[in-house]
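Let me begin by presenting the structure, written as C-alpha cells, before commenting on it.
None of the figures in this text is laboratory data; all of them are computed from the coordinates on show. Just so we're clear, the structure is a prediction, and the values are computed from it rather than from any experiment. Reconstructed Cβ throughout: ideal geometry from the backbone, glycine too, with neighbour counts over all protein chains shown.
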Amino acid sequence: MKLASIDVGLKRIGVAICLDGNIVMPQNAILRKNRNQAARDVNTFLEEWEIEKLIVGLPKDAASSEEMERRIKHFVSLLDLAIDVVYQDEQSSSIEAKELTMGIFKHKKDGKIDSIAAKIILERWLNH
C-alpha cells in the first residue's frame, strides 16, 4: 500500500511517502501561500504518487493543540480525497527532526525539517 504523511503547518506542509511498507522518504515540503493553493498542491502530490492512505500529524497534549487540531482537520476537509485518512500523534516530531539533522544541514525555512517531521509521523504510524 502506498502511504503518505503530512505535517501541516501555517507556512509549510511537510510531506513524506512510503511506497513499499518499509522505507519512508521525506519529500519536498509544500510552501503554503493560502489554504486553497496548499490543498491543491497536496491533492496533486497524492495523485501523482497514487497514494492509497494519508497519515496526518495531529498535536496531542500541547497548550495550543485544540486550536491546531481544528485547523488541521479543517485543512484536511479541503482536500479532495477518495482515500482513507488516519490521524497520528505528532507530539515533538519537529523537535526530533531538528535534533536528527543538527549539523547535517542549516535549519532554514525551506521545509526540510517539516518533511523530516512528516517522515517521523509516518514511521510512528507504521510502528504502532
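List of remarks:
- Extension gain for the segment Glu99 to Arg71, taken as residue separation times 0.36 nm less the Cα-Cα distance, is 7.5 nm to one decimal.
- Cβ charges +1 (Lys, Arg) and -1 (Asp, Glu), total dipole of the chain, debye: 620
- Unsatisfied cross-links (Cα-Cα over 19 Å) in the set Lys2/Lys60; Lys2/Lys119; Lys98/Lys119; Lys11/Lys112: Lys2/Lys60
- Counting Lys and Arg as +1 and Asp and Glu as -1 over every other residue whose Cβ lies under 15 Å from the Cβ of Arg40, the net charge comes to -1.
- Euclidean distance of C-alpha centroids, the stretch 108-128 and the stretch 27-102, integer Å: 10
- The residue among Ala82, Asn127, Ile30 whose Cα reaches farthest toward the positive pole of the charge dipole of the stretch 3-127, with charges on the beta-carbon of Lys, Arg, Asp and Glu, is Ile30.
- Taking label positions 7 Å along the Cα-Cβ direction at both Asp61 and Leu10, the computed distance is 2.4 nm, reported to one decimal.
- Available extension along the chain between Leu126 and Asp80 is 14.2 nm, counting 0.36 nm per residue and deducting the alpha carbon span.
- The helix-only estimate of mean residue ellipticity at 222 nm for the chain, built from DSSP H runs of length n ≥ 4 each weighted as -39500 (n - 2.57), is -13000 deg cm²/dmol after division by the residue total.
- Near Glu69: Cβ cut-off under 13 Å, other residues only, Lys/Arg at +1 and Asp/Glu at -1. The net charge is -1.
- Isotropically averaged projected area of the chain, using the convex hull of Cα atoms (one quarter of hull area), nm²: 7.5
- Taking a Cβ cut-off of under 12 Å around Ala4, the surrounding Lys, Arg, Asp and Glu residues balance to a net charge of -3, with basic ones at +1 and acidic ones at -1.
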